[in-house]
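Report on the structure given below.
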Amino acid sequence: MTLDPGGATPLPQPLSDEDLDTLIEGGEAVSDGGFFRNMIRVFSENKLAIVSFLFLLFMLLFCFLGPHLYVTNQTNAQEALLNSTQNAHPSASHWLGTDETGFDIVGRLMFGGQISLIVGFFAAIVATVVGVGYGALSGFFGGWLDALLMRFVDMGLSIPVLFLLIALVTIYRPTAPLLIVVIAAVSWLVPARLIRSETLSLRTREYVQAVRVMGGSRRRIIGRHIIPNSVGTIVVFATFCVADSILYLAALGFLGLGVPAPQTDWGTMLSNGVNYAANGYWWEIYPVGFCIVFTVVALNYVGDALRDALEVRLQRR
């Protein structure tokens, strides 16, 4: 502190550059990272989600990498009957025994898991893409077009899903590509309604109105602003849709409408194993049941965690 020339009033000392910058900037800014870092942090706080994610990673490696390490015959039924015993107990040569046709159960779980996971993931992708596009168009244009498009969705949702799946599969020969299309055909309705609701809210936002004023096309508004700002809803639904698709395929396989032999899926394996439940052949039921239940539960936990991680209002800033 210094005195003025009269020696009566103390004058404040000049501020340093650091103090001046602090006053101008409002203090030191503290940032905990960008959007993806926040998303990973919130996701990692959910311990069940981490365990579920690791389990899903293990199942992917088990189904797609496992057959190269644990080599078994899964395509030639005649060879399987000649080289192994039907319904054999677990042993060193067959870790989980064999089924009624002599196929190794561990190899069958890998082989069937490939079909189940491929159908589940691709059906979810197709359903999400179709549902997002349909719902975004319906919500953005509104009016009579929105009413017409949503009535089609309401009619589709009014039909029991399993009944519709059975009707479609019985008309055509069930193959993996057909099952993807059939399951996607009954799964796109829900995301269409969800994205339509999101679009009705987003199209009135200031930035969307600004793009309209600047002459932005409808295609640009939907593709660059509506859909990207609905990514949280899209990703979460896609995760749940994978679980639902696996369950749909398991239900069809359990009813004998899965992929044709010698291919298999987890539902078909479970259906065949139930026929021998009274004989105590637990290895034909419990392992495949474990794969179905825990895979679906893990996908649901991951979906819940992604919903929390992608919801901006739940992120700590």
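The values are calculated or read from the model by the stated rules, or taken from the named source; none is laboratory data. Only a predicted model underlies this, so the values are computations on that prediction, with no experimental measurement involved. Cβ atoms come from the backbone with ideal geometry, glycine included; neighbour counts cover every protein chain shown.
Quick notes
- Considering residues of segment 272-304 that are among the β-branched types (Val, Ile, Thr) and part of a helix (DSSP H, G or I) only, the residue modelled with the lowest pLDDT: VAL274
- Here ILE195 qualifies as closer than 20 Å to LEU306 by Cβ and of a type in the set (A, V, I, L, M, F, W, C).
- Evaluating LEU96 against the criteria (1) in a helix (DSSP H, G or I); (2) of a type in the set (A, V, I, L, M); (3) touching a residue at least 40 places away in the same chain (Cβ under 8 Å) leaves one unmet condition, (1).
- Taken together, PHE140, PHE152, PHE111 contain a single residue that is over 30 Å from THR204 (Cβ atoms) and either assigned to a helix (DSSP H, G or I) or at pLDDT below 90 (or both), which is PHE111.
- Segment 53-93, subset part of a helix (DSSP H, G or I) and more than 35 Å from the chain's Cα centre (by Cα), residue surrounded by the most Cβ atoms within 10 Å (Cβ to Cβ): ALA80
- Test for SER187: is it closer than 20 Å to ALA124 by Cα, polar (S, T, N, Q) and surrounded by 14 or more Cβ atoms within 10 Å (Cβ to Cβ): yes
- Beta carbons closer than 8 Å, at least 6 apart along the sequence or on distinct chains, pair a first residue in segment 68-87 that is under 10 Å from THR101 (Cα atoms) and touching a residue at least 40 places away in the same chain (Cβ under 8 Å) with a second that is assigned to a loop (DSSP other than H, G, I, E, B) and hydroxyl-bearing (Ser, Thr, Tyr) for ALA77/THR101; ASN87/TYR276; ASN87/TYR281.
- Segment 214-231 residues that are closer than 15 Å to LEU194 by Cα and surrounded by 14 or more Cβ atoms within 10 Å (Cβ to Cβ), paired with ones that are of a type in the set (Ser, Thr, Tyr) and modelled with pLDDT of 85 or more (beta carbon under 7 Å, 6 or more apart): ILE226/THR199
- Selection status of VAL51, over 26 Å from PRO262 (Cα atoms), in contact with a Lys or Arg (Cβ under 9 Å, 6 or more places away or on another chain) and of a type outside the set (S, T, N, Q): no
- Any chance ASP265 is acidic (Asp, Glu) and closer than 29 Å to LEU137 by Cα: no
- Just one of the listed residues (LEU168, LEU164, LEU117) is at pLDDT 90 or above and either surrounded by fewer than 18 Cβ atoms within 10 Å (Cβ to Cβ) or part of a helix (DSSP H, G or I) (or both), and it is LEU117.
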